[in-house]
Every structure is written in C-alpha cells, then in structure tokens.
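Inspection log for the structure reproduced underneath, given as structure tokens.
Throughout, read-outs are computed from the coordinates displayed, never taken from laboratory work. Model, not experiment: these values are computed from the prediction. In this analysis, Cβ positions are derived from the backbone assuming ideal geometry, glycine residues included, and neighbour counts consider all displayed protein chains.
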C-alpha cells in the first residue's frame, strides 16, 4: 500500500523518520508531499495513495475525487475542520484524528504566551503575574484540561465554560466566563456553531487589563468585531499562534 | 522623617502610590530619586535621608558617607549584594531585604522564558515541550521553590541542588545536577562563593540540546568560560533577564 504524507508545514525530521520506519516495517511505501505551494501538486500525486496522513492541510472534494484509491485519511492533530467529511463519507473513506496527542504542547505554548503577554514581551518594566488571576478556559477538551493543570500549579483561579462536560468551577453561559475572568483561553473546536463566536459583544465583557489567548482556530474569532473592540479597548492584550486573515486586521 | 526612594529602574506607578500612602499616613515625607543617570545625583539628594528604599541600585561607601542621617536601608527584593554591608555596619545603619516578595514574579518569568526558549521564540516549526524534561533547580530558596511548584504542574522531573536545605530529589554535588538535567534554572544568590561559579566545566556537562535559564545575577556566570562553551556547543540554549557585561559576550 502507498501511504502519502501531505504536509505543507512539515513534521519534524525525527517524526518523519519515525513515521517512515513504522510504514516500511509494515511492508508499505511512504510518499512525501512536503512544503507544496499549490493544490495541484497534491492532486497530481495523490492518485496512487491508499492512505493519507495530513496536518492542517486542506482536503476538499476535488482532492478526494483525485485520490480514487484512498481508503483512510488520518489527521495528525485534533481538529478535522480542514477535511470535507461529507465528501469522504460519499467516497467511503475512513477519517481519523489524533485528539490529545499534541495537547500538552499547545497547553504549554498557551501558558508561555500568557506569561509573555502579561510581561509585555519580556521587556523591562511593568510586568504582571498570572498568580491569583482568574483564568477562563473556554472549551475544556484535551488542551483545556492541560492548561487547567498547569495554571493550577501557577496558582490561577480557574473558571470553565464547556457545554459538553460537567466539572468544577463551571459557568453556564459563555458571557459569564468573559465577565469574570481577566484571562480568557480559547479551546473551542471550529464548527458551524463556533465560527465567529468570539466577537465584539463577548470581548467587551472582559475586565480592564484583560487578555485573550487563542491557540485554537482563527476562524472562531469574528474579525470585524474583534478589530472594533481592540480599537476601543487599548487595555486588552491578544496573544495567539494563529494569524488572522483580514487585511484590516494586519494593519492593526 | 524623610524616606528617600532610590530607583534607577522605577517601581510601577501603583507601587509608588502605595508606598507614598503608607509613608505619608505614618507622618513622614517621601522623596523620589527615579531614573537617575549618575551616582552624583544620588549623593546630592541623599543627605537629608533618614530612611532609604532601593531596588537593585548600588549603595556603596561613598553614598553611605553622604547619607549622614541614614538609619535604615530597605532593599525591595531578595539579593542585597548591591549594598556595601560592611560600610553600613560601620555607620550603624540597619539593612533589610524583602525575600520572597517578588519570588512568584521571577518564577513565572523563568517558566515563561523556558517555554519561549524551547519554542525558539514562539517561531513556527520545531518546538520542544517542557513536560517530562529533567529540570535542575540550582539554589532552592523562595524563587526556586516556586519554580518547582509550577514545573510540577507542567509535569517536569525535578532535581535540586542546594547545600543549605534538605529536600526530595536532591543531588549532593552541583556537577550531578548539570549532568542529569536538560534544563538548569539558576537561583543562587550572589556571594563570594557563587561569583563566577557557573562556567565552562559545569556547563559542558549539560546533556545535548539543553538549556540554562538565569533569572539570578549575571555575576554568577563566568563569562569567559560561558562564551567558550557556547561557541563549542551550538545546541545549548541560554535564556536570561540579566544582560551580561562583557563586550565579547555581546558580540556572540
């Protein structure tokens, strides 16, 4: 069988080595499509694929049609909003994700960026501490849970919003989380319901001097509302590892 | 009484407000010497001081002689290596420090810089996680203890070197700490014994890909040896909030 690894942002060398070893040991062949620039490059080479491994790479209907032999697509990561699930169903392709696998890494990044944000990029002068601050975890899946564990070690006071779980210090409405917490950490998956969910009305509730940390998807932010409130509220800090798309946004 | 606050790097506005309130409520007068450039500015204005509050500001024999009325010097912070204690003793001046007061802030900075360092400054690509890494806490006072607590929440494996305490996971020799830990966090006070203590022979023991985090004093590093080993070992990462003085160092 031919396993095609499609990664516009490549895995680390060690990871690729590990994946290759496993695939070849099992008697299969690995084909790499790394750092591609256009979808056409993927379409051209996916024809032979029996299995596909991707990261955040977009798998749409056109790619699925081109990959006539594909039986399985594995998303290395938690969110699978980059895959056209409906088209996969029609083509009888199994889709799998790997939830929790990278959750600690994301959680550490999240905490690191919070410290970085409250210390104004490690510049000299007036830094603030995370200890005793109220942290609002918005979405408490694998990443949110790890953020909670680390934040407890720091001595933060934690509130959680997640309609799908029952846990301690939980708030019922997302509005409550934004009103009560100085730091909001976003860990919502990207779905029809969450797309653009974080906008003007929510963000304006954050207490003075607050911060939003987004290590989820950029699409859960309503960029227009976000820009408006960030212009009004110079006190707010936004830290993220997912760059927004709007041109207006980039100017700000 | 006149209390002179000498801070080349000023306190935050809020802190100054708080200090002023306390001093004036007690019926005393506060005089600020902020962001001074030369020692002469301090010497000129310290004549009237009954009490002195400083941060890392250097208080030497000359300043003490000029401050004829000084009865007490309070160092806002833990280390008091910036004060000529002997000269204070001679002049019958009480010297106090405030150990532990800023320890959480330093510990958070320390953890933040470790995450930042292992993620190559939050740049895209191959970041490493702190979880499951061996952290060597070199000096386990107020700051070291807080670093330990936070690092435990992250899931790091902790070893401690401190000849003045007895605790779990302690190593007897500093060499052992450097050999066994991928990340070394320095929390030694600056004394005659620790000055230049961290040099070539110690640092070369750190495992491949390791990191040193220095939120203590720059003087505990032997700069010459440090430069030598950092040239030899491109794999090592150094994160710090205390800039070294050597010109050679700055070029590197």
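Brief remarks follow.
- Residues B:186, A:202, arranged from fewest to most other Cβ atoms within 10 angstrom of their Cβ, appear as A:202, B:186.
- Shielding by partners, peptide B:106-115 (average Cβ within 10 angstrom, other chains): 6
- Summarised as an ellipsoid, the range B:1-81 has semi-axes of 18, 15, 12 Å, derived from the eigenvalues of the Cα gyration tensor scaled by 5 and square-rooted, with the largest first.
- The range B:33-187: Rg to Rh, with Rh as the Kirkwood radius over Cα pairs: 1.11
- For residue B:172, inter-copy label distances in nm, listed shortest first [label point 7 Å out on the Cα-Cβ vector]: 6.3
- Averaged over A:5-18, number of beta-carbon atoms from partner chains that fall within 10 Å: 1
- Kirkwood-based Rg to Rh ratio, the range A:103-251, C-alpha trace: 0.93
- Residue of chain B with the smallest Cβ distance to the axis mapping B onto A, distance rounded to whole Å: B:153, 1.
- In degrees, nearest ten, helix B:103-118 long axis to first principal axis of chain B (Cα): 40
- As a calculated quantity, the FRET efficiency between residue A:242 and residue A:208 at R0 = 35 Å, using C-beta atoms, amounts to about 0.85.
- Between the range B:1-64 and the range A:1-73, the alpha-carbon center distance in angstrom: 65
- At an R0 of 22 angstrom, the distance between the Cβ atoms of residue B:234 and residue B:179 translates into a FRET efficiency of 0.65.
- Per-selection Kirkwood Rh - the range B:21-124 (Cα, Å, 1 d.p.): 15.8
- With the convex hull drawn over the C-alpha atoms of the range A:131-181, the volume per residue is 60 Å³.
- Length gained when the stretch residue A:101-residue A:224 is fully extended (0.36 nm per residue, less Cα-Cα span): 41.0 nm
- Three-way shape label, the protein assembly as shown, alpha-carbon gyration tensor, a/c 1.5: prolate
- Centroid-to-centroid separation of the range A:78-157 and the range B:216-230 [C-alpha atoms, Å]: 35
- Number of partner chain Cβ atoms within 10 Å, mean per residue of A:26-32: 0
- With the label put 7 angstrom out from Cα along the Cα-to-Cβ vector, residue B:79 ends up 4.3 nm from the copy partners, going from closest to farthest.
- Once the chain from residue A:200 to residue A:29 is taken as fully extended at 0.36 nm per residue, the excess over their C-alpha distance is 56.6 nm.
- Per-pair calculated FRET efficiency, R0 = 25 Å: residue A:62 and residue B:120 via Cβ, rounded to 0.05: 0.10
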